[in-house]
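Every number in this text was worked out from the coordinates using simple rules, so none of it is lab data. Only a predicted model underlies this, so the values are computations on that prediction, with no experimental measurement involved. Quick reminder, even Gly has a Cβ in these numbers, built from the backbone with ideal geometry, and neighbours come from all protein chains shown.
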Ligand SMILES: Nc1ncnc2c1ncn2[C@@H]1O[C@H](COS(=O)(=O)NC(=O)[C@@H](N)CS)[C@@H](O)[C@H]1O
Ligand SMILES: [Zn+2]
């Protein structure tokens, strides 16, 4: 599937430090490692209600990781999926009375435009669930060889008992797992399952639902196996980072890793998750409909760089609440940044470069990076810009820095 056009990422003269990142499984900030390259899988959208600020928060967060690795001198293999067939998408298509494929295509295109506007560097592999069905069915075959699948009626389930690492990623209690599994697309109460937590791998054809042929009969893929298959195919076992919002910790990322292990393959080295964005006092969610859309703001002439700056004002792992006031503050902030870099000379830029690259390499601490730029702007717009000690190339250095490291084009 086509991704979106890539923003130019300026090459910085200073090299960023090694990137450290929070790992959910170890509950610690750990070095990101690998031979010369880094590989990243960020779970993509289920294409309806795109692109709300919760989505944007997630993809901008891991764009900072992508950029931090580039600034540290690494090549980055980036894969993202599109869950372009799944229960919530079919339900929404039914509700609004359009073909589910048309809804998926329209919303994915809107998502691409929003990602371009927010200057998110695109994945090299942007892969739909539908186009991955052959990958999914062959991975189910590997689970079958491992004795890790069984049928209930015509539906195919994975047996989590086969995976002794099950639970290591989320570190949740069984009762927590059962509760979240039911809330997030699982069917713990279904009769005939070996374990209520066993997830669906292949959903047999139902009347009125799309289906594709498979060795397990006509049907469609389960949610978790889709990401396992796509990540293993395009990034390979033991890739560096599996990322998404914190509502994916369980069941989605637990199950995705479990399926890989049951097929005898390592999954991600690191699992990391972005916090939840709320609006009107509740997590922004399709079901509640309290959504702020990137495209709506763009259509009312809001500078996407101001939207991006609101997101960067929060640590990626924090939950926070979107407010219009935050947006208006960011509009002013971007204008100040532009004024300061336009002066050409300014307060010394080298220390800002070091602070910004260091902050982002430390578990993507964007708020600390933004504060350092704010301080430089204030000094430069004050008397700092004119003092003898001023740096004649500060404006150019800072605008390249905030572009490469923060994705903010001034
Ligand atoms: N309110 C929110 N705040 C922050 N992130 C959110 C919010 N709502 C959804 N997300 C994140 O946005 C991404 C896409 O969400 S989604 O459209 O529901 N799609 C999915 O979760 C699956 N297609 C992943 S394979 C996920 O990483 C999800 O965790
Ligand atoms: Zn996923």
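Helix-only mean residue ellipticity at 222 nm, the chain, DSSP H runs n ≥ 4 weighted -39,500 (n - 2.57), per residue, nearest 500. What is it?
Only helices count here, giving -12500 deg cm²/dmol.
With the Cα gyration tensor of the range 225-354 giving a ≥ b ≥ c as the square roots of its eigenvalues, does the rule (a/c under 1.5 for rounded; else a/b larger than b/c for prolate; else oblate) give rounded, prolate or oblate?
It is oblate, given that a/c is not under 1.5 and a/b is not larger than b/c.
Classify the range 20-279 as rounded, prolate or oblate from the Cα gyration tensor: take a ≥ b ≥ c as the square roots of its eigenvalues, call it rounded if a/c is under 1.5, otherwise prolate when a/b beats b/c and oblate if not. Please list the in-between numbers first.
Numbers: a/c = 1.59, a/b = 1.18, b/c = 1.35.
It comes out oblate by the Cα gyration axes.
Using only Cα atoms and rounding to the nearest 10 degrees, what angle (0 to 90) does helix 350-361 make with the longest principal axis of the chain?
Taking the Cα atoms of the chain, the angle to 350-361 is about 10 degrees.
Which Rg and Dmax, in Å, describe the Cα atoms of the range 71-167?
Answer for the range 71-167, Rg first and Dmax second: 18.0, 52 Å.
Does anyone have the angle between helix 324-342 and the longest principal axis of the chain? Alpha-carbon axes, 0 to 90°, nearest 10?
Between helix and principal axis, roughly 50 degrees.
Taking the range 302-406 as the region of interest, what is the percent of Cα-Cα pairs per 5 angstrom bin, listed from the shortest bin to the one with the maximum distance?
2, 14, 23, 24, 18, 12, 5, 2, 0
For an R0 of 45 angstrom, estimate the FRET efficiency from the Cβ-Cβ distance between residue 150 and residue 324 and round to the nearest 0.05.
0.30
How many angstrom separate the Cα center of the range 234-289 from the Cα center of the range 65-92?
11 Å
Restricting to the chain, what percent of DSSP beta bridges are antiparallel, rounded to 5?
Bridges in the chain that DSSP calls antiparallel: roughly 45 percent.
Starting from the Cα-Cα distance between residue 13 and residue 282, subtract it from 0.36 nm times their residue separation and give me the gain in nm to one decimal.
92.5 nm
Evaluate the relative contact order of the chain (contact order divided by residue number), counting alpha-carbon pairs under 8 angstrom at least 6 apart; express in whole percent.
That works out to 21 percent.
So what's the angle, to the nearest 10 degrees on a 0 to 90 scale, between helix 174-183 and the longest Cα principal axis of the chain?
Helix 174-183 and the main axis of the chain meet at about 90 degrees.
Say R0 is 45 Å: what FRET efficiency, to the nearest 0.05, do residue 187 and residue 343 get from their beta-carbon distance? Spell out each step's value before the answer.
Details: r = 61 Å, r/R0 = 1.36.
So, using R0 = 45 Å, E works out to roughly 0.15.
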